[in-house]
Ligand SMILES: Cc1cc2nc3c(=O)[nH]c(=O)nc-3n(C[C@H](O)[C@H](O)[C@H](O)COP(=O)(O)O)c2cc1C
């Protein structure tokens with residue numbers, strides 16, 4: 001059936017258009033995607049970063065929309081976990097950065113228990129990346145810089161949303177948004193609310209999962225000790 005595919009394991013899935021198809025350049029695109037298909041290197045790099053970076057670049061080229069959506073898991077002080085999707089905005093050897101409301105459920109959990117895990121499930125690539133580590137606020141100046149790249153509408157939305165809190169009866173998000181819009185009508189550059197911040201997860205453990213045929217998957221696990229990384233392979 002058009003639009004449906006069958007995985008090697010025999011289950012059905014909806015084929016998603018990865019890139020717009022064009023007869024003239026399809027051969028070139030196919031070659032490019034094959035070249036992009038980051039495989040497990042024969043010799044594992046000493047640090048996970050180049051591999052992670054290659055895979056996230058592959059995701060950016062092949063997944064649409066939200067190629068860098070990731071599941072952020074946090075826990076309260078009693079260890080009870082919760083998770084939700086956020087968007088990765090920046091990554092380098094120091095960590096993985098996302099933005100959120102510090103007064104939200106996750107924001108309170110990260111304040112009280114500053115550890116988090118991130119999971120990217122990159123289905124079209126047959127890959128998964130998991131990151132675990134401590135989490136901290138980024139430099140407020142870096143949050144300001146990112147805030148300035150956001151549209152005016154989403155800036156007003158960030159002011160209007162008391163993220164994670166209950167909307168009291170009789171109150172509604174639309175009218176709160178309209179009130180903030182009016183408040184900022186004469187303000188050229190809307191300031192960043194102090195409760196809207198960037199966070200960095202500094203990795204201590206990174207695992208990369210590659211889908212294998214017949215569920216014979218591959219797992220590569222990097223552990224950080226001091227400034228250096230050790231690497232091992234895990235049973236799937
Ligand atoms: C694709 C996608 C991307 C999202 N990106 C973000 C984000 O970058 N930051 C954020 O605060 N919420 C984001 N959200 C909303 C969160 O998943 C979540 O609903 C919200 O942050 C409240 O979470 P909490 O109550 O657990 O704190 C995103 C949701 C989806 C589905």
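The values are calculated or read from the model by the stated rules, or taken from the named source; none is laboratory data. Model, not experiment: these values are computed from the prediction. Cβ placement follows ideal geometry from the backbone for every residue including glycine, while neighbour counts extend to all protein chains displayed.
So, of the residues in region 99-116 that are under 15 Å from the mean Cα position of the chain (by Cα) and part of a strand (DSSP E or B), which turns out to be nearest to the ligand (Cβ to nearest atom)? The extreme case among them is 100. Just a yes or no: is a residue in region 49-57 within 16 Å of the ligand (Cβ to nearest atom), surrounded by 13 or more Cβ atoms within 10 Å (Cβ to Cβ), under 20 Å from residue 204 (Cα atoms) and touching a residue at least 40 places away in the same chain (Cβ under 8 Å)? Within region 49-57, one or more residues are within 16 Å of the ligand (Cβ to nearest atom), surrounded by 13 or more Cβ atoms within 10 Å (Cβ to Cβ), under 20 Å from residue 204 (Cα atoms) and touching a residue at least 40 places away in the same chain (Cβ under 8 Å).
Applying the criterion of at least 2 residues that are within 12 Å of the ligand (Cβ to nearest atom), more than 8 Å from the chain's Cα centre (by Cα) and touching a residue at least 40 places away in the same chain (Cβ under 8 Å) to the strands (runs of 3 or more DSSP E) found wholly in region 59-98 leaves 69-75.
Among the residues of region 162-196, those identified as under 27 Å from residue 110 (Cα atoms) and surrounded by fewer than 11 Cβ atoms within 10 Å (Cβ to Cβ) are 166, 168, 194. Do we find a residue being under 30 Å from residue 176 (Cα atoms), within 14 Å of the ligand (Cβ to nearest atom), touching a strand residue (DSSP E or B) at 6+ places or on another chain (Cβ under 7 Å) and modelled with pLDDT of 95 or more anywhere in region 117-136? Within region 117-136, not a single residue is under 30 Å from residue 176 (Cα atoms), within 14 Å of the ligand (Cβ to nearest atom), touching a strand residue (DSSP E or B) at 6+ places or on another chain (Cβ under 7 Å) and modelled with pLDDT of 95 or more.
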